[in-house]
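The structure appears right after this line, and notes come after that.
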Amino acid sequence: MPEHQMTFRQFLLNDYRHKGIEKDLVFLLEDIATACRIISNHVRSGAFSNNLGAAKSTNIQGETQKQLDLIANDEFVRHCSNCSRVAALVSEEVDEVYWLKDDPKPGDYLVYFDPLDGSSNLDVNLSVGSIFSIVQIKTEIEAGDADAVLRRGMEQICAGYAIYGPSTALIVTTGNGVNGFTHQQGTGEFRLTFPDMTIPETTSEFAINASRYRLWDDSMRKYFDDCIAGEAGPRGRNFNMRWTASMVADVHRILTRGGLFLYPADKGNRSEGGKLRLMYEANPMAFIVEQAGGAATDGRDRIVEATPTSHHQRISVVLGSIEEVKLLADYHAKH
Ligand code: AHG
Ligand code: MN
Ligand code: MN
Ligand code: MN
């Protein structure tokens, strides 16, 4: 079998043998891949089971939860619970930290996840995904101490996402680059189809919800104005815009052909800093993007260096092709 089509298990075992990742991390990642496979199935059959719509609940962020947000959350919890080294889980859809162990030990894992990202796209049959991040604790912590899960993105040992698009794919980093695996119908395996994913340094494509223009600060507006001014403007070239309202799909496009993704803090009702959540959206995507040769900041500073103060904290997100991320930081410094 050509190496580029090895299964996810073969790939992980190779990392276990040659790159020092732990066997329990291999098992945990296989369980997460299984959760994603099952979620993919739920997403694809959602119309038959009449579960594409809203549940009768809201999450701590005040969002109406979709039935599939809750189903996907349960799958993550169920499969992560298989691993005896997972100390605690942090989910977008669960208010409190969920402790799986009452005696966490150094070396145990913390798992953060957004079980279904872009869930407003479910009922219109557009791409959605799942995002996850794994941190290994190095010192003693107390079960029940919610502050113990407030880790900087620098501490991640692994991050990934699944995209449920025309095909289902799983994109993962364990700190040795980024690799993408496509779910093969029939065998049910994830197979390596996108080895060593890299983000081009330059781009002429960006993704932003431009309906919030009036709420941005001056430097963000100036950057946007200069991009859409095209050839005649200060950038001297034409820019294209894409926005899917699913961070997973936008990041996947950027990992495939480059681009810039932005969800800046604005003067709307998200004054604490953007819409996206630091621990289970921004940090994992920042780790993946940096591992693929891109950059990820809050507009100025690296996301993975941000110190969290609460586990549902939000942050501005600017990520993708490195030159464009740096240029936006210059705009913020100058304007
Ligand atoms: P989630 O569905 O997990 O709550 O995340 C939605 C996020 C993200 O995926 C996307 O980039 C953004 O919200 C879309 O925001 P707009 O509604 O402003 O387009
Ligand atoms: Mn949500
Ligand atoms: Mn999300
Ligand atoms: Mn979500």
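Side notes on the structure shown:
- Just so you know, in region 60-118 the residues that are among the acidic types (Asp, Glu) and within 11 Å of ligand 4 (Cβ to nearest atom) include one that is farthest from Lys23 (Cα to Cα), and it is Glu63.
- Boolean, Ala296 is without any contact (Cβ under 8 Å) to a residue 60 or more places away in the chain and out of contact with any Phe, Trp or Tyr (no Cβ under 6 Å at 6 or more places or on another chain): yes
- Only one of the numbered conditions (1) among the polar types (S, T, N, Q); (2) part of a loop (DSSP other than H, G, I, E, B); (3) closer than 24 Å to Ser316 by Cα; (4) more than 15 Å from the chain's Cα centre (by Cα) is violated by Thr244, and that is (4).
- Every condition in (1) more than 22 Å from Val248 (Cβ to Cβ); (2) modelled with pLDDT of 95 or more; (3) of a type in the set (Gly, Ala, Ser) holds for Gly186 except the one numbered (2).
- Taken together, the criteria exclude Leu260 from residues that are within 15 Å of ligand 3 (Cβ to nearest atom), under 24 Å from Ser120 (Cα atoms) and not assigned by TED's automatic domain parsing to the domain that holds Tyr161.
- Filter result (in a strand (DSSP E or B), over 16 Å from the mean Cα position of the chain (by Cα) and within 16 Å of ligand 2 (Cβ to nearest atom)) within region 104-138: none
- The residue pairs whose first member lies in region 219-231 and is in contact (Cβ under 8 Å) with a residue 40 or more places away in the chain, whose second member is part of a helix (DSSP H, G or I) and of a type in the set (Ser, Thr, Tyr), and whose beta carbons are closer than 8 Å, counting only pairs six or more residues apart or on different chains, are Ser219/Tyr331; Met220/Tyr331; Lys222/Tyr331; Tyr223/Tyr331.
- Taken over region 222-251, the criterion of being under 20 Å from Ser120 (Cα atoms) and surrounded by 22 or more Cβ atoms within 10 Å (Cβ to Cβ) is satisfied by Ser246, Met247, Val248, Ala249, Asp250, Val251.
- Residue in region 67-85 that is part of a strand (DSSP E or B) and not charged (D, E, K, R) present: no
- A search for C-beta distances below 8 Å between a residue of region 51-69 that is outside the structural domain of Gln313 (by TED's automatic domain parsing) and any residue that is more than 12 Å from ligand 1 (Cβ to nearest atom) and among the charged types (D, E, K, R), counting only pairs 6+ apart in sequence or on different chains, returns Leu52/Asp123; Gly53/Asp123; Asn59/Asp95; Ile60/Asp95.
The values are calculated or read from the model by the stated rules, or taken from the named source; none is laboratory data. The shown structure was predicted, so the numbers you read here are calculated from the model rather than taken from an experiment. As a convention, Cβ positions derive from the backbone with ideal geometry for all residues, glycine included, and neighbour counts pool all protein chains shown.
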